[in-house]
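Structure, as structure tokens:
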Amino acid sequence: MMLIDMRHKGGQPATEQLVLDFNGRTKSRLRTRLASGEEIGLFLPRGTILRGGDLLEISDGRIAQVVSAPEDLLEARCANPLGLARAAYHLGNRHVAVQVGRDDRGDWLRIQADHVLETMLAGLGAEVRALSAAFEPEAGAYAPGHHHAERGATEAKIHVMGDGHAH
């Protein structure tokens, strides 16, 4: 089995794809498969969060590009910025990983599907809909610039606790 244990820092183009949902992209140790079906092992530094588009080096010299797999999400939209800020506050208060975005219909928040949070958001007045899409949540306080003594300040971190929720 081939191993991936580092990010690619050179200019070599990817010849493989590694398709993972967000939970898979938060694992530093993972046995999985490339899009081609080849079994691969991830052995990355603890705390690494992979993002769609990241390039990784396979032990045989090939380069794999990370692809964010579509997953079941909830999208919340509000009638005004204050409503969206309230929804974001309540999600943050529950340490939920949140993707923030905007499209031609306005601003939105996306979270991994959860019926309890869906009910909460609807109770706050948000229009909530289910969708399948890639999930790229905010890195929050662990984005570049926030420094841990044991790490450089260049990697975005999302702390994932034992319950599977990002913190």
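Being more than 17 Å from M2 (Cβ to Cβ), touching a helix residue (DSSP H, G or I) at 6+ places or on another chain (Cβ under 9 Å) and surrounded by fewer than 16 Cβ atoms within 10 Å (Cβ to Cβ) is the requirement here; does V96 meet it? Taking the combined requirement at face value, the residue does not satisfy it.
Scanning the range 1-36 for residues that are part of a loop (DSSP other than H, G, I, E, B), modelled with pLDDT of 95 or more and touching a Phe, Trp or Tyr at 6+ places or on another chain (Cβ under 9 Å) turns up just one, D21. Kindly evaluate P81 against the criterion of being loosely packed, with under 14 Cβ neighbours inside 10 Å, in contact (Cβ under 8 Å) with a residue 12 or more places away in the chain and in the same structural domain as P137 (by TED's automatic domain parsing). Here the answer is yes, as P81 does meet what is asked. Among the residues of the range 1-37, what is the count of those that are exposed (fewer than 12 other Cβ atoms within 10 Å of the Cβ) and among the hydrophobic types (A, V, I, L, M, F, W, C)? Here the count works out to 1.
Every condition in (1) loosely packed, with under 11 Cβ neighbours inside 10 Å; (2) modelled with pLDDT of 95 or more is met by T154 except one, and the failing one is (2).
Regarding the range 66-77, can at least one residue be identified that is of a type outside the set (F, W, Y), modelled with pLDDT under 95 and crowded, with 17+ Cβ neighbours inside 10 Å? Among the residues of the range 66-77, not one is of a type outside the set (F, W, Y), modelled with pLDDT under 95 and crowded, with 17+ Cβ neighbours inside 10 Å, which makes the answer no.
Can you tell me which of A35, A64, A88 is under 28 Å from W108 (Cβ atoms) and either of a type in the set (A, V, I, L, M) or free of Cβ contacts under 8 Å to residues at least 12 places away in the same chain (or both)? Being under 28 Å from W108 (Cβ atoms) and either of a type in the set (A, V, I, L, M) or free of Cβ contacts under 8 Å to residues at least 12 places away in the same chain (or both) holds for just one of A35, A64, A88, which is A88.
Do we have any residue at all in the range 37-45 that's at positive phi and either among the β-branched types (V, I, T) or at pLDDT 95 or above (or both)? For the range 37-45, residues at positive phi and either among the β-branched types (V, I, T) or at pLDDT 95 or above (or both): present.
As for the range 41-50, it holds no residue that is in contact with a Phe, Trp or Tyr (Cβ under 8 Å, 6 or more places away or on another chain), under 20 Å from A97 (Cα atoms), among the charged types (D, E, K, R) and in a loop (DSSP other than H, G, I, E, B).
The values are calculated or read from the model by the stated rules, or taken from the named source; none is laboratory data. Remember, predicted model here, so these are calculated numbers, not experimental data. Here the Cβ is made from the backbone with ideal geometry for all residues, glycine too, and neighbour counts use every protein chain on show.
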